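One structure is given here, and the rest of the page talks about it.
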Amino acid sequence: MKKLVLALSVLGLSAAPVLAAQSSATKSEAKIEQVAEALAGGHGKMTETPSGKILTTAAGHTLYTFDKDKNGTSSCDAACLKIWPAYHASAKVKAAAPWSKVKATDGKDMWAYNGKPVYTYIKDKKAGDTEGDGVGGNWHIIK
C-alpha cells in the first residue's frame with residue numbers, strides 16, 4: 001500500500017480515492033464476516049415466548065436436545081442432521097459455561113448446552129416456531 005501511495009504521489013495523484021475504496025471494502029468484508037459468524041452460530045440466548053423462556057439462536061430460532069445423545073456425543077447421523085441440523089459453532093466464538101463445543105457426526109464443531117449437543121429443526125420456519133418439541137418423544141426445547 002505504501003508503494004501505491006508513493007507511486008500516486010510521484011504522479012501527482014491523490015491516494016484518497018484508493019484509501020477510501022480500501023476502507024469501504026474492509027468495512028464490507030467485516031460486515032460479511034459478522035453475518036457469517038451469526039449464521040455459523042454464536043452462543044444461543046434465552047428468549048421469552050408465550051410458553052416461557054426458551055433457548056434460541058441469535059436469530060430467535062428454537063434450539064433442541066436429543067435424548068439419544070450421551071456423554072456430550074451427538075448420535076444424530078447424516079439422515080438425522082438433514083431434519084435436525086446441528087447448531088454449528090463458529091471457530092471464532094469461544095465456549096463459555098454452560099456452553100461447550102462438541103463434534104457433530106458430520107465432523108464439524110457444534111454447540112452443546114450443559115453438555116448436551118444442540119440442534120435446530122427443519123420444520124421451524126420462523127423465529128419462535130417450536131414444531132420439534134416432543135417429536136418421537138426424543139426431542140425437547142431447551143428451557
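Return a yes/no flag: does segment 72-92 have any residue that is free of Cβ contacts under 8 Å to residues at least 60 places away in the same chain, in contact with a Leu (Cβ under 7 Å, 6 or more places away or on another chain) and either within 16 Å of LYS45 (Cβ to Cβ) or open to solvent by 20 Å² or more (accessible area, probe 1.4 Å) (or both).
So far as segment 72-92 goes, yes, one or more of its residues are free of Cβ contacts under 8 Å to residues at least 60 places away in the same chain, in contact with a Leu (Cβ under 7 Å, 6 or more places away or on another chain) and either within 16 Å of LYS45 (Cβ to Cβ) or open to solvent by 20 Å² or more (accessible area, probe 1.4 Å) (or both).
Return yes or no: is ALA59 surrounded by fewer than 20 Cβ atoms within 10 Å (Cβ to Cβ) and either over 18 Å from the mean Cα position of the chain (by Cα) or free of Cβ contacts under 8 Å to residues at least 24 places away in the same chain (or both)?
no
List the number of the failed condition for VAL5; all other conditions in (1) closer than 30 Å to TYR119 by Cα; (2) open to solvent by less than 60 Å² (accessible area, probe 1.4 Å); (3) at pLDDT below 95 hold.
(1)
Looking at (1) modelled with pLDDT of 95 or more; (2) more than 15 Å from the chain's Cα centre (by Cα); (3) open to solvent by 40 Å² or more (accessible area, probe 1.4 Å), can you tell me which one ILE141 breaks?
(3)
What about ALA15, is it modelled with pLDDT under 95, more than 18 Å from LYS103 (Cα to Cα) and in contact with a helix residue (DSSP H, G or I) (Cβ under 6 Å, 6 or more places away or on another chain)?
yes
Look at segment 97-118 and say how many of its residues are open to solvent by 50 Å² or more (accessible area, probe 1.4 Å), touching a residue at least 24 places away in the same chain (Cβ under 8 Å) and of a type in the set (A, V, I, L, M).
Residues flagged as open to solvent by 50 Å² or more (accessible area, probe 1.4 Å), touching a residue at least 24 places away in the same chain (Cβ under 8 Å) and of a type in the set (A, V, I, L, M) within segment 97-118 amount to 0.
The values are calculated or read from the model by the stated rules, or taken from the named source; none is laboratory data. These figures come from a predicted structure and were not determined experimentally. Here Cβ is always computed from backbone atoms with ideal geometry, including for glycine, and neighbour counts include all displayed protein chains. Just the protein is used for accessible areas: all its heavy atoms, side chains included, with ligands, DNA and RNA removed. Shrake-Rupley method; radii C 1.70, N 1.55, O 1.52, S 1.80 Å.
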